[in-house]
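Step one of this worksheet: look at the structure below.
What follows is calculated from the coordinates using simple rules that are stated; it is not laboratory data. Keep in mind that this is a model prediction, so the values were computed, not measured. Cβ atoms come from the backbone with ideal geometry, glycine included; neighbour counts cover every protein chain shown.
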Amino acid sequence: MMNFFSRKKSAPSAKERLQLVLVHDRTDLTSAQLESLKDDLIKAISQYIEIDPDAVRIELERDGRSQRLVADIPLRSAARHRSG
Amino acid sequence: MTAQVITVTSGKGGVGKTTAVANLAAALAMDGRKVVCIDGDIGLRNLDVVMGLENRIVYDIVDVIEGRCKLRQAMIRDKHYPEMYLIPAAQTRDKNAVSPSDMIRICNDLRPDTDFVIIDSPAGIERGFRNAIAAADRVLVVTNPEVSAVRDADRVVGILEAEEKGSPALIINRLNPMLVKNNDMLSAEDVLDLLGIQLIGVVPEDESVIIGSNRGAPVVTDPKSRAGMAFRNIAKRMQGQDVPFMDLDSQSGLWSAIQRLAGRK
């Protein structure tokens, strides 16, 4: 289909926004709470191993009707060198 | 006979719950099933007018609960299908006049000699909704391919899961194939992916639905209506038949417009 009005199509935006909203609705967790969870997690992990706080990613993901909390926590390379 | 009790709900109002109930009931009656519809929207009675039975109401569901009449007396027989009945909602009372155990009791009384009891739930997730799902063996969630309706449907699905009502089946109502094609409406696949429940039918947007409501005659009786066909298919699936989903695309777009102009459709 040609796009006569040369605007961005709205369905992808609707889906993207709903994906985010539904994850938060289902978990009853606001973005602010997720941010504070992330800070606590960084604090806890940092007691054991050196991580880069700015590179930490915490996300809620959907898989059908279930949600999962996915964390990607890169370690500081110095930590590896020191032990080796 | 042991009836299946089916509740039709949605979260958001105005997505077509009452229309779906009236049409599914009529389609089941056309298939020779004995059907009793219950309007669960106390204070905002509507199923009667959509079914064209508003002039026949003597007693309502609250009269049954409060013992002013027998269950049988509150069952209004349909004009066209003698095996289809409506138990109307009370119009002058509020939803607190009914409790979940009242609904369970009424449905249990209906079960022995009915094939399907279909309950029209009010919008929302409060008392009326809780009443409507209390007796349900199966829940159908109606939504439209719009952000607000999908979000509310998801809330309802979450509550049904928490209440251990089992996973409901989804009716996507008022899908506009043309808009979907133009990528300006969520597709049935999008909605399914977002909600993560099983699909029981997709009903295309169709003017004949409004015309049917105006007349108090459900659109399933119109053999030419696409929405009518979609509702008839859902009714077949409710009876355990394996009916393929309609190809909604074939009726929209330039090619079919040309075909229609050429008189081939």
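Just a few scattered comments:
- Centroid-to-centroid separation of region B:218-248 and region B:174-200 [C-alpha atoms, Å]: 18 Å
- Computed label-point distance, nm, for sites A:Ser31 and A:Lys8 using a 7 Å Cα→Cβ extension: 1.5 nm
- Relative contact order %, region A:31-83, counting alpha carbon pairs below 8 Å whose residues are six or more apart: 30 percent
- Loop-resident sites, region B:160-195, for GluC sites (Glu not before Pro), counting at most 10 other Cβ within 10 Å (DSSP): B:Glu164
- Relative contact order [Cα under 8 Å, 6+ residues apart], region B:4-261, whole percent: 24 percent
- DSSP-assigned coil residues among trypsin sites (Lys or Arg not before Pro) in region B:163-246, each with at most 12 further Cβ atoms within 10 Å: B:Lys224
- Maximal additional length on extending the B:Asn214-B:Asp109 stretch stands at 34.5 nm, based on 0.36 nm per residue less the C-alpha distance.
- Ranked B:Ser208, B:Ser10, criterion: other C-beta atoms within 10 Å, fewest first: B:Ser208, B:Ser10
- Of the trypsin sites (Lys or Arg not before Pro) in region B:23-79, those whose Cβ has at most 12 other Cβ within 10 Å and which sit in DSSP loop: B:Arg68, B:Lys70
- Helix B:17-30 and the longest principal axis of the Cα set of chain B meet at an angle near 90°.
- Share, in percent, of DSSP beta bridges within the protein assembly as shown that are antiparallel, nearest 5: 25 percent
- Net lengthening on full extension, B:Val49/B:Asp31 (0.36 nm per residue, minus Cα-Cα): 4.2 nm
- Derived scalar couplings ³J(HN,Hα) [region A:41-57; Karplus, 6.51 cos²θ - 1.76 cosθ + 1.60; whole Hz; x for Gly, Pro]: 5, 4, 4, 5, 5, 4, 5, 10, 8, 7, 10, 9, x, 6, 9, 6, 10
- Evaluating 6.51 cos²θ - 1.76 cosθ + 1.60 at θ = phi - 60° for every residue in region B:59-71, the Karplus couplings come out as 10, 10, 5, 5, 4, 5, 5, 8, x, 7, 8, 7, 3 Hz, glycine and proline recorded as x.
- In this structure, the amide hydrogen of B:Ile38, modeled 1.01 Å from its nitrogen in the peptide plane, lies closer than 5 angstrom to those of B:Ile87, B:Ile118, B:Ile119, B:Asp120, counting only residues at least 5 positions away or on a different chain.
- Stretched out straight at 0.36 nm per residue, the stretch from A:Gln67 to A:Glu50 would grow longer than its current Cα-Cα span by 3.3 nm.
- Residues B:Thr143, B:Thr2, arranged from fewest to most other Cβ atoms within 10 angstrom of their Cβ, appear as B:Thr2, B:Thr143.
- Put in order of Cβ neighbour count within 10 Å, fewest first, the listed residues B:Leu186, A:Leu69 become A:Leu69, B:Leu186.
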